[in-house]
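Here the structure is laid out as structure tokens; the discussion comes afterwards.
The values are calculated or read from the model by the stated rules, or taken from the named source; none is laboratory data. Computed from a prediction, not measured in an experiment: that's the story for all the values here. All Cβ positions, glycine included, derive from the backbone under ideal geometry; neighbour counts span all protein chains shown.
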Amino acid sequence: MSFQPEAVRAFEHAGWQRAASSYGNSFAHATAPFVAPLLEAAGISPGQQILDVACGPGYLAAAAAGRGATAHGLDFSAEMVGIARSIHPDIVVTEGDAENLPYPDGTFHAVVSSFGIHHVPRPELALAESKRVLKPGARIAFTVWATPEENIAWSLVFDAIARHGNRSAAQAPPPGALNRIDECVRALEAADFADGSAEIVRAEWFLPDAHALIAALSAGTVRMAALIGAQEPSALAAIASDIDGQAERFRRDQNLAIPIAAVLARGRKTVD
């Protein structure tokens, strides 16, 4: 299947409109540990104007505001924007396109994105737009999920589906590749950011069992939800049992502490 940006956009938009209402009580628990490292990488400090691209319910923007910044959020999902505005009424949240940001040149002291850039059809355009709206010398920082080899929660699901289901059942439009350190650094360089770098950041996702993992991914994600939802109902019990067996080594008291990993990338707009 060839890359079709508008098909990716339509697929992602429909998925996030659906997931918006349940995201906060499901998948947000997986992304939360990466908020502080992301803000540190962006050098967020009091008095700055900050833009959170693909802000979802606004948790990252709110954390930046908690550090004294004036935070703005942008998301293409009207459902997400509505939730962000209701939860964080003091943050200006705009419905808009990461590939065509509705802000003047040189507006922000930092642009951040928490697990959003890899959902944009053309991340290179989103990064170029981010650079445009940054002040000279200002920073960008973003997180994306690492590959399943690094990201145990993902590999547990993918491997179980490969054994008991169908890995290609979702028929989702293929995304761009942006889940490795070198890919993120190349994307920053292509957008003409200076001092581009990336690293793996690790955390744990606490869940009682495989059914909770599957439920969280089904409720609060798009691509993983599509893959799980496309499995035959008769296969889901075997998939959950497989995950439980493989994940038991991560049991800690009443919960599984499943290792998860992100790529944290950063760069700087040059001073002309």
Just one of A7, A20 is out of contact with any strand residue (DSSP E or B) (no Cβ under 7 Å at 6 or more places or on another chain), touching a residue at least 40 places away in the same chain (Cβ under 8 Å), surrounded by fewer than 17 Cβ atoms within 10 Å (Cβ to Cβ) and among the hydrophobic types (A, V, I, L, M, F, W, C); which is it?
A7
With respect to the numbered conditions (1) in contact with a His (Cβ under 9 Å, 6 or more places away or on another chain); (2) surrounded by fewer than 17 Cβ atoms within 10 Å (Cβ to Cβ); (3) closer than 30 Å to D244 by Cα; (4) not hydrophobic (A, V, I, L, M, F, W, C), which one is the sole condition not fulfilled by E199?
(1)
Across the stretch 50-92, what is the total count of residues that are more than 23 Å from H13 (Cβ to Cβ) and among the basic types (K, R)?
1
Would you check if V157 is surrounded by fewer than 20 Cβ atoms within 10 Å (Cβ to Cβ) and of a type outside the set (F, W, Y)?
no
Condition (residue is under 15 Å from F206 (Cβ atoms) and acidic (D, E)) applied to the stretch 242-255: is it met by at least one residue?
yes
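Criterion first (under 20 Å from K269 (Cα atoms), assigned to a helix (DSSP H, G or I) and either touching a residue at least 40 places away in the same chain (Cβ under 8 Å) or in contact with a helix residue (DSSP H, G or I) (Cβ under 6 Å, 6 or more places away or on another chain) (or both)) does L38 satisfy it? Outline the logic, then answer.
Working: under 20 Å from K269 (Cα atoms): yes; assigned to a helix (DSSP H, G or I): yes; either touching a residue at least 40 places away in the same chain (Cβ under 8 Å) or in contact with a helix residue (DSSP H, G or I) (Cβ under 6 Å, 6 or more places away or on another chain) (or both): yes.
Yes, satisfied.
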In the stretch 97-129, how many residues are on the phi > 0 side of the Ramachandran plot and free of Cβ contacts under 8 Å to residues at least 40 places away in the same chain?
1
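Within the group P136, P173, which residue is under 28 Å from E99 (Cβ atoms) and in a loop (DSSP other than H, G, I, E, B)? Walk me through how you get there before you give the answer.
Values: P136 fails: in a loop (DSSP other than H, G, I, E, B).
When all the criteria are applied, what remains is P173.
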Condition first: under 15 Å from the mean Cα position of the chain (by Cα), hydrophobic (A, V, I, L, M, F, W, C), crowded, with 18+ Cβ neighbours inside 10 Å and at pLDDT below 95. Can you find one or more residues in the stretch 176-196 that meet it?
yes
May I ask you to verify whether L74 is under 20 Å from F142 (Cβ atoms), buried (at least 23 other Cβ atoms within 10 Å of the Cβ), touching a Ser or Thr at 6+ places or on another chain (Cβ under 6 Å) and at pLDDT 95 or above?
yes
Only one of (1) over 14 Å from H119 (Cβ atoms); (2) within 14 Å of the chain's Cα centre (by Cα); (3) not in a helix (DSSP H, G or I) fails for A30. Which number is that?
(3)
Only residues that are closer than 12 Å to L51 by Cα and among the polar types (S, T, N, Q): list them for the stretch 92-108, please.
T94, T107
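Residues checked against (1) of a type in the set (D, E); (2) in contact (Cβ under 8 Å) with a residue 60 or more places away in the chain; (3) within 30 Å of G43 (Cβ to Cβ); (4) part of a helix (DSSP H, G or I):
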site: L156; (1), (2), (3), (4): no, yes, no, yes
site: I161; (1), (2), (3), (4): no, yes, no, yes
site: A169; (1), (2), (3), (4): no, yes, no, no
site: V185; (1), (2), (3), (4): no, yes, yes, yes
site: A203; (1), (2), (3), (4): no, yes, yes, no
site: A212; (1), (2), (3), (4): no, no, no, yes
site: A216; (1), (2), (3), (4): no, yes, no, yes
site: M224; (1), (2), (3), (4): no, yes, no, yes
site: L227; (1), (2), (3), (4): no, yes, no, yes
Is it true that some residue in the stretch 34-47 is among the charged types (D, E, K, R), modelled with pLDDT of 95 or more and surrounded by fewer than 17 Cβ atoms within 10 Å (Cβ to Cβ)?
yes
Take the stretch 70-111 and flag every residue that is part of a strand (DSSP E or B) and closer than 18 Å to Y23 by Cβ.
G73, L74, D75, V93, E95
